[in-house]
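One structure below.
What follows draws every value from the coordinates through simple rules; no lab data is involved. Everything numeric in this text was worked out from a predicted model, so none of it was measured. Neighbour counts run over all protein chains shown; Cβ positions are idealised from the backbone, glycine included.
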Amino acid sequence: MKYTNKQKHEVIPIAYFVKTKKLTSDKMKVCVNCGAEILDKRGQPLNQVYDKALSNKSGIIRLVECSSCGQVADKYIEYEGCLVLLDLALQYQPAFRHTLVNQNRRTLILKMVFLTLIVDGYTRWFFSADGGRFFEREAEFYAAAGLAAISLVTFIFTALVTILAAQFVRVRTTSPDYVLLVYGLLLAYCTRFLKLAALLWGSQSTSDSTLVGSQSTLESTQFLWYFVDILYLLTSVNVMKVLSGLGSLQSTVTAVVAHAALHLVDLYNNDSFLPF
């Protein structure tokens, strides 16, 4: 789509977002506000968040309204990515439904998980450092990254087993999409990428300190490590609320159990890797 100099400051039409974000897919869409499946006028499930018939007939793009709550089904289609990310950080459940259900972000999530594993591994390696340069202790870094991966697998496995048990006890006729749930839990894990910011902040704030090394960084940024872990827990709870079909209390208990298992594995492997 080309714009002239006279048009370049005009508002970009919704059709631009339809083309660039690839709204059309075979997967059913849900209302980001209430979680209900989006239906057309005949009660049939829709696989897009705009009126496709109207678009084909007149070229006009109109977002579909939810038949359950009456609101626009997915307002985030018109949002920039940074605004969606901000709502995710603020723990807005509509943003989670948009990202995990209505959009296909699996490749991006896997890339972020890989980067987060590197950051998590480096953080563990840094706080276990006894001196020496990185290339002299490179094998220890790979071991720390491996421990981070084991903790992640433990977290996901514990969460899935707990959800399965809850589903069995409640005898539900429908079960959640466990593949989608795994990607949601991986998205929650990506909050640990903020450990890098905490580590950099600590390195800057202790440059003139009499303490040296990891101990100085740990003591100066203790609150940041707890903040990252609490954000990780809150994100896990919201992911389970959106995708597991459990209530608020059950989702919270499941997330707490999964995080407890993660920290127990960390302590069992090597508690010197943990910054708290």
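Under 5 Å between amide hydrogens, which residues at least 5 positions from residue 65 or on another chain qualify, with H placed 1.01 Å from N in the peptide plane?
73
Less than 12 Å Cβ to Cβ from residue 95, Lys/Arg counted +1 and Asp/Glu -1: what total charge do the surrounding residues give? Please report the intermediate quantities before stating the final value.
Details: positive: 75, 97, 105; negative: 74, 87.
Residues close to residue 95 contribute a combined charge of +1.
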